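Below is one structure, written out as structure tokens; the observations come after it.
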Amino acid sequence: MKIISAVGILFFMFVMSLAAIPANAPADFEEVEPRFSPDGTKLVFSSDKGRRHHIWVRGVDGKLPRQITKLNHDMEPNWSPDGKQIVFASYGKTENGPFAIWVVNADGTNPKELIKPAGDSGDQYPCFSPDGQHIAFTHGNAIWIMDKDGGNPHALNSRKIGFQHCGQWSPSGQQIAYMEVSVGNDYKITVINSDGKENSLTSTSIVATQVRWSSDGKYLFFSNGEGIFKIGSTGKGTPTRLIETKNGEADFDISPDGKSVAYDDGGPDGTGKIYIKKLP
């Protein structure tokens, strides 16, 4: 009877562990697009930990991560106001898209496509209204609104512009802030009534790639390649930088109590992790 050395056993276990790793599994993975839950205790985000981007939920303390979706290229999650559902953009069951708007229960059950995508450009950036009855999203190049079940989809306004990057409803539900990108690739923050009336439109020429509201509706937070900033909701005045991001644009969210920010900025080592910091 042969005696197998401890070194031999360890080598065998090492080889077997390598065999269990998929050949095309990433050496590292990214976690992006964090959003606080309505009660501020959890984050929903997108991660390519399983080789494809899926929606995950974990505590703000980083504990108990759970994969919520299993479609293809699931991105841009946002909570319903009651925290029971998550709306997101996904390739769905197709291999290469385009993006469509989906909704899933927060426990991962009952994923449902809400609307057929707008041709090759698809639909992106969905978010619930504060009363939970409607969803705003980018349909092709323009902001659209639909009922929470996908019914009654319609354009927010008739503006002809290069691209409208849907942002977020105001806390009152009466306005929507979004990024307007012209054909010349000029970004500006735009606020418009949720009924589409253009005479309420205010904007700035500030370079920004994402916009969020403060919980009282008095301020807008936005990000660009230099950090996360705060400005009055009228767009007037000088922006105040709150967070410096050293690795490019940050996708971010403000906590419900307005005291913290969750963001991804590529991470100090470029690995694309999520950070939570107290706001000054």
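The values are calculated or read from the model by the stated rules, or taken from the named source; none is laboratory data. What you are looking at is a predicted structure, and each value in this text was computed from that prediction instead of being measured. Note: ideal-geometry Cβ built from the backbone for every residue, glycine included; neighbour counts use all protein chains shown.
Here is a list of conditions, (1) at pLDDT 95 or above; (2) more than 18 Å from Lys42 (Cα to Cα); (3) under 17 Å from the mean Cα position of the chain (by Cα), and His53 meets all of them except one; can you say which number that is?
Of (1) at pLDDT 95 or above; (2) more than 18 Å from Lys42 (Cα to Cα); (3) under 17 Å from the mean Cα position of the chain (by Cα), only one is false for His53: (1).
Given the criteria at pLDDT 80 or above, surrounded by 15 or more Cβ atoms within 10 Å (Cβ to Cβ) and within 22 Å of Glu33 (Cα to Cα), does Tyr178 qualify?
Here the answer is yes, as Tyr178 does meet what is asked.
Checking Lys112 against (1) charged (D, E, K, R); (2) surrounded by 15 or more Cβ atoms within 10 Å (Cβ to Cβ); (3) farther than 22 Å from Phe222 by Cβ, only one condition comes out false. Which one?
Of (1) charged (D, E, K, R); (2) surrounded by 15 or more Cβ atoms within 10 Å (Cβ to Cβ); (3) farther than 22 Å from Phe222 by Cβ, only one is false for Lys112: (2).
Considering each residue of region 144-180, count those that are within 18 Å of Ile206 (Cβ to Cβ) and touching a helix residue (DSSP H, G or I) at 6+ places or on another chain (Cβ under 9 Å), and give that number.
Looking only at that region, the number is 1.
Only residues that are out of contact with any Phe, Trp or Tyr (no Cβ under 6 Å at 6 or more places or on another chain) and buried (at least 20 other Cβ atoms within 10 Å of the Cβ): list them for region 99-109, please.
Phe99, Ala100, Val103, Val104, listed by residue number.
Of all residues being at pLDDT 95 or above and assigned to a loop (DSSP other than H, G, I, E, B) in region 72-90, which is surrounded by the most Cβ atoms within 10 Å (Cβ to Cβ)? Just the residue, please.
Asp74
When you go through (1) more than 16 Å from the chain's Cα centre (by Cα); (2) part of a strand (DSSP E or B) one by one for Asn110, which number turns out not to apply?
(2)
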